[in-house]
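What follows is a set of notes on a single structure, which appears directly below.
The values are calculated or read from the model by the stated rules, or taken from the named source; none is laboratory data. These numbers come from a predicted model, not from an experiment. FYI the Cβ positions are ideal-geometry reconstructions off the backbone, even for glycines, and counts take in every protein chain you see.
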Amino acid sequence: MILAAGRGERMRPLTDHTPKPLLQAGGKALIVWHIERLVRAGITELVINHAHLGDQIEQALGNGGQFGATIHYSSEGTALETAGGIAFALHLLGHEPFAVINGDIWCDYDFARLPALLEQMRPAQDLAHLVLVDNPAHHPKGDFTLSGNRIAPLPSPLSAPLTFSGIGLYQPSLFAHIPRGTKAALAPLLREQLALGKVSGEHHRGAWVDVGTPQRLHELDAQLRHDHSHV
């Protein structure tokens with residue numbers, strides 16, 4: 001599932017007429033980078049949620065055929081936040097664990113790793129697996145820490161704080177108690193499961209950008225164009 005329902009307030013005025021996931025970097029919409037990477041990794045069944053200017057997302061991406069994917073849409077009307085949006089789309093996601101990716105990040109994480117990670121969640125009975133990254137300048141305090149492959153809450157005397165990348169694997173049961181159509185944030189659900197030791201994680205040390213402001217979009221665009229001109 002790719003999360004594409006956010007309003008992108010910090011991205012205004014760019015998002016007044018364009019939904020954030022369709023903003024371009026390196027000549028490509030942010031969400032298209034994800035779709036192409038997922039398809040290359042063999043992950044072709046996609047669910048995309050939307051609210052703000054969601055029709056534009058459906059018009060741009062269609063049924064996914066142009067990418068070799070099958071896209072189903074979950075139209076929220078009003079954004080339901082992360083957990084609420086996932087709960088709203090559970091009927092499309094099915095009964096098996098699934099991956100969720102924030103539509104407004106850019107990263108070089110290898111999505112081909114995800115199926116094997118999903119398999120590891122079963123015997124451990126983990127409800128979530130989170131990909132963490134080094135703290136960006138705009139979020140120096142981080143979100144969690146990592147102890148081996150287990151995620152622990154902050155602060156921790158043993159290990160440094162890391163930031164949640166917006167890439168995670170989840171069991172549907174994590175969201176089953178959320179009434180469909182209600183707003184719900186993801187962080188409280190994760191903290192509950194952390195306390196129970198039911199969240200695994202890893203540290204992605206490659207490229208990752210939270211494209212949250214026009215300035216960061218501009219910097220990413222410049223970087224991608226520079227990289228591409230040197231390929």
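Only one of the numbered conditions (1) out of contact with any Gly (no Cβ under 6 Å at 6 or more places or on another chain); (2) within 19 Å of Gly168 (Cα to Cα); (3) outside any loop (DSSP other than H, G, I, E, B) is violated by His95, and that is (3).
Determine if the stretch 26-35 includes at least one residue that is surrounded by fewer than 21 Cβ atoms within 10 Å (Cβ to Cβ) and more than 22 Å from Ala99 (Cβ to Cβ). Yes, the stretch 26-35 contains a residue that is surrounded by fewer than 21 Cβ atoms within 10 Å (Cβ to Cβ) and more than 22 Å from Ala99 (Cβ to Cβ). The residues listed here are His95, His129; of these, the one that is within 25 Å of Trp208 (Cα to Cα) and not charged (D, E, K, R) is His129. For first residues located in the stretch 53-80 and in contact (Cβ under 8 Å) with a residue 40 or more places away in the chain, partners that are of a type in the set (D, E, K, R) and surrounded by 18 or more Cβ atoms within 10 Å (Cβ to Cβ) and lie 6+ apart or on another chain with Cβ distances below 8 Å form the pairs Gly54/Glu76. Counting only strands (runs of 3 or more DSSP E) wholly contained in the stretch 148-231, the ones carrying 2 or more residues that are surrounded by fewer than 18 Cβ atoms within 10 Å (Cβ to Cβ) and modelled with pLDDT under 95 occupy 150-153. Residues that are surrounded by fewer than 18 Cβ atoms within 10 Å (Cβ to Cβ) and either closer than 15 Å to Asp126 by Cα or not charged (D, E, K, R) (or both) within the stretch 136-147 comprise Pro136, Ala137, His138, His139, Pro140, Ser147, listed in sequence order. Does Leu130 satisfy the criteria of being touching a strand residue (DSSP E or B) at 6+ places or on another chain (Cβ under 6 Å), modelled with pLDDT under 95, within 23 Å of Ala116 (Cα to Cα) and not acidic (Asp, Glu)? Against the criterion (touching a strand residue (DSSP E or B) at 6+ places or on another chain (Cβ under 6 Å), modelled with pLDDT under 95, within 23 Å of Ala116 (Cα to Cα) and not acidic (Asp, Glu)), Leu130 does not qualify.
If you filter the stretch 33-54 down to residues that are among the β-branched types (Val, Ile, Thr) and outside any strand (DSSP E or B), you find that the one that is nearest to the chain's Cα centre (by Cα) is Ile35.
Residues considered: Ala185, Ala207. Of these, the only one that is out of contact with any strand residue (DSSP E or B) (no Cβ under 7 Å at 6 or more places or on another chain) and among the hydrophobic types (A, V, I, L, M, F, W, C) is Ala185. Only a single item in (1) in contact with a helix residue (DSSP H, G or I) (Cβ under 8 Å, 6 or more places away or on another chain); (2) surrounded by fewer than 19 Cβ atoms within 10 Å (Cβ to Cβ); (3) more than 30 Å from Arg225 (Cα to Cα); (4) modelled with pLDDT of 95 or more is not met by Glu76, and it is number (2). On the phi < 0 side of the Ramachandran plot, out of contact with any Phe, Trp or Tyr (no Cβ under 9 Å at 6 or more places or on another chain) and touching a residue at least 60 places away in the same chain (Cβ under 8 Å), is that true of Gln193? Judged against the criteria, Gln193 is a match.
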